[in-house]
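Report on one structure; see the data block that follows.
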Amino acid sequence: MQIEETITPYSRIILIAIIVGLISGLGALFFFEGLRLGTAFFMEGIVGFHLPKEGQTLQDISQWAPPDHLWMILPVICFGGLLSGLLVYTFAPEAEGHGTDAAIKAFHGEGRVRWRVPLVKAVTAVLTISTGGSAGREGPTAQMSAGFGSIAADLLGLSARERRLAIATGVGAGIGTIFMAPLGGAILAAEILYKQDFEAEAIVPAFLASVIGYAIFGLVEGFEPVFGPWPTSWNVYQVPLFVLLGVVSTIVGLIYINTFYGTNRIFKDIFSRLNLPNHFKPLAGAFLTGTFVLALAALSPEAAVVGLGSLGTGYGFTQLALYNMLPIGVLLFLPFAKILTTSLTIGSGGSGGVFAPGLVIGGATGGAFGSLLHLALPGIVPAESVPVFVVVGMIALFGAISHAPIAVMIMVVEMTGDFSLLVPAMGAVSVAVLLIGQSTIFREQVLNRSKSAAHRDEYMIEILQDIHVSDVMVPRDRIIAVSPGDTTGRVLRLIDETLHTGFPVLDGEGKLVGMIALDDVRDNRINGEHDVLVEDVMSSRVFTVHHACTLREALALMTEHDIHHLPVVPAEDPRTLLGFVTRTDVMKAYVRRASQSGEKRRLTGNSTLIGPGTASENSPDGKKGSVVEG
């Protein structure tokens with residue numbers, strides 16, 4: 001395989017962006033309409049629950065009420081879990097759980113998504129969310145957009161690098177479109193793949209793709225922000241309190257991460273130990289979710305609101321919090337109820353995203369914190385400021401646990417339509433990101449680009465380009481050489497004694513006249529005799545490398561001609577042997593330099609250091625290796 005170009009032509013980037021933008025816009029539109037129809041059928045038609053909806057006016061949302069047939073939640077949510085599990089584990093097991101992580105995994109992996117995955121993900125996510133499962137719509141949209149981007153890459157015959165670019169762009173454009181936040185979505189494409197890095201190449205095509213997707217979606221659904229307008233009121237004296245909210249958000253965020261993955265492990269362990277089919281895991285999670293909600297409803301009307309708020313995406317209850325319509329008791333318990341129902345729904349293998357639940361958890365956390373401050377310090381935190389704490393909590397919590405603070409911060413203010421909230425949000429999310437450490441809700445994220453299979457070869461090349469042959473070669477006085485008059489029997493003995501598989505051949509004056517390797521001896525062995533002369537079987541056409549060349553050039557020469565050893569010679573005299581370098585020397589040099597360069601350069605996984613490639617740039621003296629004809 002040739003060493004890939006590090007720059008994709010602009011024309012191809014534009015093509016990728018346009019295709020992914022069209023896919024994201026149309027995919028998000030059909031998915032959103034499917035959710036709307038599914039929710040109307042299951043929750044409104046069967047359960048009789050007219051949920052509060054994001055974007056509703058104060059007058060409209062105040063008309064919401066608990067369902068007439070609350071007990072119907074259990075059979076409806078179980079039906080969604082059962083059908084979702086059967087579809088996922090029968091046709092596309094990789095569509096289980098939250099789709100954003102699957103898309104991130106595809107980017108860092110082979111860059112491929114099976115053709116059936118986007119369709120299975122869309123159908124199962126609609127079933128999960130519209131029947132009351134606690135999940136978000138951004139994860140399925142991200143996986144669908146990334147999946148269709150991968151399909152388009154297959155049809156267009158794109159390279160592996162361009163395929164990954166299409167997947168990253170699809171993630172950002174899909175999420176930005178479904179949330180009506182094109183700027184934040186585009187930045188998310190570059191930020192969400194890593195814990196401490198950016199995929200800078202994805203930003204520009206993600207901008208174009210997000211705009212196209214946003215335009216298509218908005219032409220049908222409208223261009224209003226996700227959440228309806230509400231009065232904004234905050235002052236500079238509250239900034240330390242917003243910073244403190246960042247600390248609180250970190251604690252709740254860690255509870256979310258640990259509960260989610262702990263629940264996921266429990267389901268896997270139980271079903272594995274009892275040898276139960278995975279197809280029924282989402283049903284088990286749905287049953288526990290429905291039972292939990294009914295148990296809360298039996299306690300008190302206020303507890304019933306907590307339970308109902310933990311179903312579906314939960315955005316309607318976040319809208320209620322923005323209108324200051326949720327009592328403090330609901331706000332205090334809603335984050336933990338939402339954590340539990342999300343863990344049961346998606347942790348059991350149900351299909352949906354963790355983004356929307358994370359925003360609801362953060363918003364309720366911020367609302368509870370703001371309400372407590374209002375009770376304790378009404379002069380500093382009036383009631384009108386509590387909704388600001390809701391928004392800042394959304395940003396701080398999910399910005400930290402997703403390691404995408406910039407993108408989430410921009411997305412949330414786009415969703416609320418108030419960019420003045422960036423100031424308090426910056427303080428809170430900064431603290432939260434610093435405190436969260438390496439914990440993440442997206443387990444497929446890697447630390448930085450050097451840890452990703454998508455970029456590992458680039459770092460290998462960068463390191464080898466900084467090391468010269470003279471730094472690692474075996475010097476002349478330590479080289480084991482043979483003469484043309486030696487026999488192949490002596491060469492075989494040297495191979496056994498030294499474990500080396502190739503030796504330079506020097507004439508009586510010490511000049512390089514050839515190379516002999518194990519394959520030469522094997523190929524030219526006559527009737528099992530070992531007294532054949534080296535000069536009769538050696539390779540007289542010797543590829544050499546100059547001492548000032550880089551290891552990248554040496555490796556390219558080795559792989560181009562399928563050889564494992566290179567004599568090192570001065571540029572002006574290709575027959576004078578200065579040293580010897582092998583593929584093993586190159587590998588050892590790479591490992592040493594990688595380990596010395598700290599976390600960004602440390603070798604991880606099973607990367608192939610020695611593989612086919614081609615020679616590239618000239619060495620510092622302007623000359624590459626040469627060929628000696630004996």
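Look through 39, 124, 100 and report the one residue that is under 20 Å from residue 349 (Cα atoms), among the hydroxyl-bearing types (Ser, Thr, Tyr), touching a Ser or Thr at 6+ places or on another chain (Cβ under 8 Å) and crowded, with 18+ Cβ neighbours inside 10 Å. Every option except 124 fails the conditions. Would region 170-189 turn up any residue that is hydrophobic (A, V, I, L, M, F, W, C), more than 14 Å from the chain's Cα centre (by Cα) and more than 17 Å from residue 407 (Cα to Cα)? The answer is no; no qualifying residue exists.
Taken together, 80, 85, 132 contain a single residue that is in contact with a helix residue (DSSP H, G or I) (Cβ under 7 Å, 6 or more places away or on another chain), assigned by TED's automatic domain parsing to the domain that holds residue 440 and at positive phi, which is 132.
Matching residues to (1) touching a Pro at 6+ places or on another chain (Cβ under 9 Å); (2) of a type in the set (Val, Ile, Thr); (3) surrounded by 24 or more Cβ atoms within 10 Å (Cβ to Cβ); (4) assigned by TED's automatic domain parsing to the domain that holds residue 446:
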position: 142; (1), (2), (3), (4): no, no, yes, yes
position: 169; (1), (2), (3), (4): yes, yes, yes, yes
position: 218; (1), (2), (3), (4): no, no, no, yes
position: 223; (1), (2), (3), (4): no, no, no, yes
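Within region 103-131, the set of residues being assigned to a helix (DSSP H, G or I) and more than 18 Å from residue 85 (Cα to Cα) comprises 103, 104, 105, 106, 107, 108. Checking 381, 390, 413, 423 one by one, the residue that is part of a helix (DSSP H, G or I), touching a Gly at 6+ places or on another chain (Cβ under 7 Å) and either within 22 Å of residue 310 (Cβ to Cβ) or not polar (S, T, N, Q) (or both) is 390 and no other. Restricted to helices (runs of 4 or more DSSP H) entirely inside region 257-345, no element has at least 3 residues that are in contact (Cβ under 8 Å) with a residue 60 or more places away in the chain, under 32 Å from the mean Cα position of the chain (by Cα) and not assigned by TED's automatic domain parsing to the domain that holds residue 138. The test for being out of contact with any Leu (no Cβ under 6 Å at 6 or more places or on another chain), among the polar types (S, T, N, Q), touching a residue at least 24 places away in the same chain (Cβ under 8 Å) and surrounded by fewer than 21 Cβ atoms within 10 Å (Cβ to Cβ) holds for residue 233. Would you tally the residues in region 415-441 being farther than 22 Å from residue 381 by Cα and without any contact (Cβ under 8 Å) to a residue 40 or more places away in the chain? The qualifying residues number 3.
Scanning region 291-322 for residues being among the polar types (S, T, N, Q) and within 13 Å of residue 338 (Cβ to Cβ) gives a total of 3. Has region 565-586 got any residue that is part of a helix (DSSP H, G or I), β-branched (Val, Ile, Thr) and touching a helix residue (DSSP H, G or I) at 6+ places or on another chain (Cβ under 6 Å)? Yes, the conditions are met somewhere in region 565-586.
When region 45-57 is filtered for residues that are surrounded by fewer than 19 Cβ atoms within 10 Å (Cβ to Cβ) and more than 16 Å from residue 315 (Cβ to Cβ), the ones remaining, listed by number, are 45, 46, 48. Just wondering, is there one or more residues in region 197-207 that are over 29 Å from residue 35 (Cα atoms), free of Cβ contacts under 8 Å to residues at least 12 places away in the same chain and out of contact with any Asp or Glu (no Cβ under 8 Å at 6 or more places or on another chain)? Yes, because at least one residue in region 197-207 is over 29 Å from residue 35 (Cα atoms), free of Cβ contacts under 8 Å to residues at least 12 places away in the same chain and out of contact with any Asp or Glu (no Cβ under 8 Å at 6 or more places or on another chain).
Among the residues of region 212-229, those identified as farther than 14 Å from residue 24 by Cβ, in contact (Cβ under 8 Å) with a residue 12 or more places away in the chain and over 26 Å from the mean Cα position of the chain (by Cα) are 223, 224, 225, 227, 228, 229. Residues that are touching a residue at least 40 places away in the same chain (Cβ under 8 Å) and not in a helix (DSSP H, G or I) within region 42-66 comprise 47, 49, 51, 52, 53, 54, 55, 56, 57, 62, 64, 66, listed in sequence order. Beta carbons closer than 9 Å, at least 6 apart along the sequence or on distinct chains, pair a first residue in region 82-107 that is within 19 Å of residue 265 (Cβ to Cβ) with a second that is at pLDDT below 80 and surrounded by fewer than 20 Cβ atoms within 10 Å (Cβ to Cβ) for 88/94; 94/114; 102/94; 105/94.
The values are calculated or read from the model by the stated rules, or taken from the named source; none is laboratory data. Worth saying up front: this structure is predicted, and the values here are computed from it rather than measured. When we count neighbours, we look across all protein chains shown, and the Cβ atoms used for this are built from the backbone with ideal geometry, even at glycine.
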